[in-house]
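First comes the structure, then the notes that go with it.
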Amino acid sequence: MSEFQIGDKVTAIYKTGKYIGEVTDIRPEHYLVRVLGVLKHPMQGDLHNPKEISSGIFHERRALAFREQANIPKKMVRLYEEEMPEYSSSLREAVDKMKADLSQDSAPWNELSLKLIEGLEKDYFK
C-alpha cells in the first residue's frame with residue numbers, strides 16, 4: 001500500500017460508493033478525502049443485508065456531495081491518474097449506470113432501489 005500526500009488525487013470507496021477526490025489530511029488509519037466526482041453510486045437498502053428487502057429496513061443512500069469530506073480507510077484509497085470529471089456529470093453517469101444495472105432484473109430489491117434512485121434524481125438534478 002502506498003502512502004499518499006495531501007493534495008494527491010485518489011479514488012476512494014466509502015460504504016458502497018466509489019468516489020474521486022483529493023487527500024486533505026492524513027490520519028493514522030484513514031485519509032480525509034474531499035469528494036470531487038462520483039464513480040459508483042452507493043447501493044440502496046440495508047448495508048448489513050445487501051439485496052434483501054425482508055429485514056424491514058430499506059435506507060435511501062445518497063452519494064457524498066461535491067467537496068464533502070469523508071474519512072476513508074487507507075486500504076480503500078488508490079491513486080487516480082485520469083482527468084478529473086465535473087462532479088454533476090460524474091454523478092449523472094453513476095446514477096444512469098446504476099439505473100441501467102437495476103433495470104436488468106425485476107427482483108423486489110431492484111424495484112425498490114429504482115424507486116429510491118428516482119427520488120434522489122429529483123433532488124440531485126433540480
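Read the figures in this text as sums done on the coordinates, not as results from a lab. This is a predicted model, so every value here is computed, not measured. For neighbour counting, all protein chains shown are included, and Cβ atoms are generated from backbone atoms with ideal geometry for every residue, glycine included.
So here's what we get for this one:
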| quantity | calculated |
| --- | --- |
| Test: S113 is over 30 Å from I6 (Cβ atoms), touching a residue at least 24 places away in the same chain (Cβ under 8 Å) and not in a loop (DSSP other than H, G, I, E, B) | yes |
| Filter result (part of a helix (DSSP H, G or I), buried (at least 17 other Cβ atoms within 10 Å of the Cβ) and either free of Cβ contacts under 8 Å to residues at least 60 places away in the same chain or among the β-branched types (V, I, T) (or both)) within the stretch 50-91 | Y87, L91 |
| Hits in the stretch 22-59 - residues which are on the phi > 0 side of the Ramachandran plot and not basic (K, R) | G45, G56 |
| Top-ranked residue of the stretch 1-31 - restricted to ones that are hydroxyl-bearing (S, T, Y) and in contact (Cβ under 8 Å) with a residue 60 or more places away in the chain, ranked as surrounded by the fewest Cβ atoms within 10 Å (Cβ to Cβ) | S2 |
